[in-house]
1. Quick one: which helices (runs of 4 or more DSSP H) sit completely within the range 57-174 and have at least 1 residues that are of a type in the set (S, T, N, Q) and without any contact (Cβ under 8 Å) to a residue 60 or more places away in the chain?
2. Is at least one residue of the range 65-76 within 18 Å of S161 (Cβ to Cβ) and among the basic types (K, R)?
3. Counting only residues that are touching a helix residue (DSSP H, G or I) at 6+ places or on another chain (Cβ under 8 Å) and modelled with pLDDT of 90 or more, which one in the range 224-242 is nearest to D99 (Cα to Cα)?
4. Anything in the range 200-217 that is under 12 Å from the mean Cα position of the chain (by Cα) and acidic (D, E)? List them, or say none.
5. Do we find a residue being buried (at least 20 other Cβ atoms within 10 Å of the Cβ) and either of a type in the set (S, T, N, Q) or within 18 Å of L213 (Cα to Cα) (or both) anywhere in the range 25-33?
6. For the range 35-91, how many residues are polar (S, T, N, Q), out of contact with any Lys or Arg (no Cβ under 7 Å at 6 or more places or on another chain) and at pLDDT below 90?
7. It is to be established whether one or more residues within the range 228-250 are closer than 29 Å to C92 by Cβ and touching a Leu at 6+ places or on another chain (Cβ under 9 Å).
8. Filter the range 13-27 down to residues that are within 24 Å of the chain's Cα centre (by Cα) and assigned to a helix (DSSP H, G or I), then give me how many there are.
Amino acid sequence: MKLKKLLTYDFIIDFKKLLVTDFEKTLFIASLRNYCSHGNPLRFHNFAFSMRELVLQVIDRRAPDKDVMSAIWYECDSDQFKVTRRQKLKFCAQGYLADTYLDEDALDELNDSIKKYLKEFNFFNKYTHITEKHFKSCPQKFYTDMKFIIQRSKEVIEELSSLESFVISKVEYRVQDEIFDSVVNNFPDELSILASNVIIDQVSPEKLEIEYLGSDGIIIGVDGTVYVSQEYGKGEDFLSMSNDYPFSTTLEVSISDPSDINIDPNNIEIDTSSWFGDDAA
C-alpha cells in the first residue's frame, strides 16, 4: 500500500489529530513509511518500534523530566533514571499538585490506574520483538496489526487525559465545600444600588471548576446565584420584591496546601444586568 493512500484512512487521520509538535507529526509519517517499505522483512517491526517511540515522545512532551523533578511529590526512586515512566504518568495525571489534594483512596486508585497503564503499554513488545515466527511477510495480517497498533496507540495517548480528568474531578470534590463556604461567608454587600434596602436571602454557589493548574498555583472558578429581597418605600408604600442574580469569581489556591483558601469579596462579580434591562436580545 502506498503512503499517499494510507494517509486518507480515517483511523490515520484520527490519530494525527492527537499529535502536537512538528517532530511528532514527522515521526508518525516516518513510521508509516516503514510500514510501506515493501520488500523489507523488518518493515513491520520497524513500524511498531517507531510507533512505540512516538507514544513515548507524547508522554515526554506532557511530562518533561525537569517539570516532573520540580513537582512537590517527586522523589528519586531509581538508580538508573532520574525520572521513571511511572513518575511521568503521575505528572500527566497530577501535575505539580501535592499528594495532600488527594485522599488515600484516590491516591490508591491513581496508582492502580498507572500500573494498569504501564502493563497495557507493553502490548508494543509483541510487535517490536523480532522472532522467526513473525519475520515472514503476510500483507493482510500486517495491515490488520498496523491498524490495531495505531488505534491502540490512540487509546494509550487518550488515556493520559483520562488520568488527568480523574485527578481534576477528585481535587474539585476535595475543595468544593470549603470554597463554597468561603464564598458565602465573604459575599460582598454591593447590591444596594438595586433598592433602598437589599436583603441577601441566600448565596448559592453552584459550579466549581479548575481553570488553570501550574507550578505557580491553581486558579479555580466559581459560579452561582444570589437570591435577594429588594425593599422599596415605607408604610403603605412599602414594596418587597424577590429576585436572583448570577455571580462568578475566581481565586488562586496553593499547589501545596488545599486548605489555603482566601476569597476576596472584591473579586466576586454579580450580574445585575437583568434588573436594568441590559440582557442581550
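The values are calculated or read from the model by the stated rules, or taken from the named source; none is laboratory data. Everything numeric in this text was worked out from a predicted model, so none of it was measured. Using ideal geometry, Cβ is built from the backbone for each residue, glycine included, and neighbour counts are taken over all protein chains shown.
1. Result: 85-94, 104-121, 125-128.
2. Within the range 65-76, none of the residues are within 18 Å of S161 (Cβ to Cβ) and among the basic types (K, R).
3. G224
4. Those that are under 12 Å from the mean Cα position of the chain (by Cα) and acidic (D, E): E209, E211.
5. Scanning the range 25-33 turns up at least one residue that is buried (at least 20 other Cβ atoms within 10 Å of the Cβ) and either of a type in the set (S, T, N, Q) or within 18 Å of L213 (Cα to Cα) (or both).
6. To start, the set of residues in the range 35-91 that are polar (S, T, N, Q) comprises 37, 40, 46, 50, 57, 70, 78, 80, 84, 87.
Then drop every residue that is not out of contact with any Lys or Arg (no Cβ under 7 Å at 6 or more places or on another chain), which leaves 40, 46, 50, 57, 70, 78, 80, 84, 87.
Adding the requirement that they be at pLDDT below 90 leaves 40, 78, 80.
Here the count works out to 3.
7. First pass over the range 228-250, keeping only residues closer than 29 Å to C92 by Cβ: 250.
Now narrow it down to the ones that are touching a Leu at 6+ places or on another chain (Cβ under 9 Å): none.
Among the residues of the range 228-250, not one is closer than 29 Å to C92 by Cβ and touching a Leu at 6+ places or on another chain (Cβ under 9 Å), which makes the answer no.
8. Matching residues across the range 13-27 total 8.
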